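The values are calculated or read from the model by the stated rules, or taken from the named source; none is laboratory data. Predicted model only: the values in this text are computed from it and were never measured. Here the Cβ is made from the backbone with ideal geometry for all residues, glycine too, and neighbour counts use every protein chain on show.
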Amino acid sequence: MKRRESADTFMPMNKPPLDELLHVSTNRYVLAIVAAKYARAITDKINAGLLDEGIKPVSKGLEDISAGKVKFTPPGKRIK
């Protein structure tokens with residue numbers, strides 16, 4: 001698999017910064033799972049025509065997690 005070297009096509013994922021995300025959860029694994037599930041939900045909304053296609057689902061998900069718009073229950077703290 002070839003890696004793209006062009007600066008126009010490569011965009012590092014640094015927004016929001018990891019430090020901001022770690023205030024939401026100190027567990028990076030949990031952040032990755034929550035971001036992936038939320039990004040999938042955003043993708044489904046884009047495919048249904050409810051959201052603009054220009055939105056990057058993972059970036060939008062991470063921004064919403066950082067802003068506190070996404071609520072989740074950390075593992076080990078399940079509601080009984």
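Output the residue which, of all residues in the range 27-57 that are of a type in the set (S, T, Y) and either in contact with a helix residue (DSSP H, G or I) (Cβ under 8 Å, 6 or more places away or on another chain) or at pLDDT below 85 (or both), is surrounded by the most Cβ atoms within 10 Å (Cβ to Cβ). Quick ask: steps written out before the conclusion?
Applying the first criterion (of a type in the set (S, T, Y)) to the range 27-57 yields 29, 38, 43.
Restricting the remaining residues to those that are either in contact with a helix residue (DSSP H, G or I) (Cβ under 8 Å, 6 or more places away or on another chain) or at pLDDT below 85 (or both) gives 38, 43.
Values: Y38: 20, T43: 16.
The extreme case among them is Y38.
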Count, please, the residues in the range 34-77 that happen to be among the aliphatic types (A, V, I, L, M) and more than 9 Å from the chain's Cα centre (by Cα). 9
Subset of the range 63-72 (residues that are surrounded by 10 or more Cβ atoms within 10 Å (Cβ to Cβ) and not acidic (D, E)): I65, S66, A67, K69, V70, F72
Looking at (1) part of a helix (DSSP H, G or I); (2) loosely packed, with under 13 Cβ neighbours inside 10 Å, can you tell me which one K60 breaks? (2)
Scan the range 21-58 for residues that are farther than 17 Å from T73 by Cα and in contact (Cβ under 8 Å) with a residue 40 or more places away in the chain and jot them down. V58
Take S6 and decide whether it is surrounded by 10 or more Cβ atoms within 10 Å (Cβ to Cβ) and either at pLDDT 85 or above or not in a helix (DSSP H, G or I) (or both). no
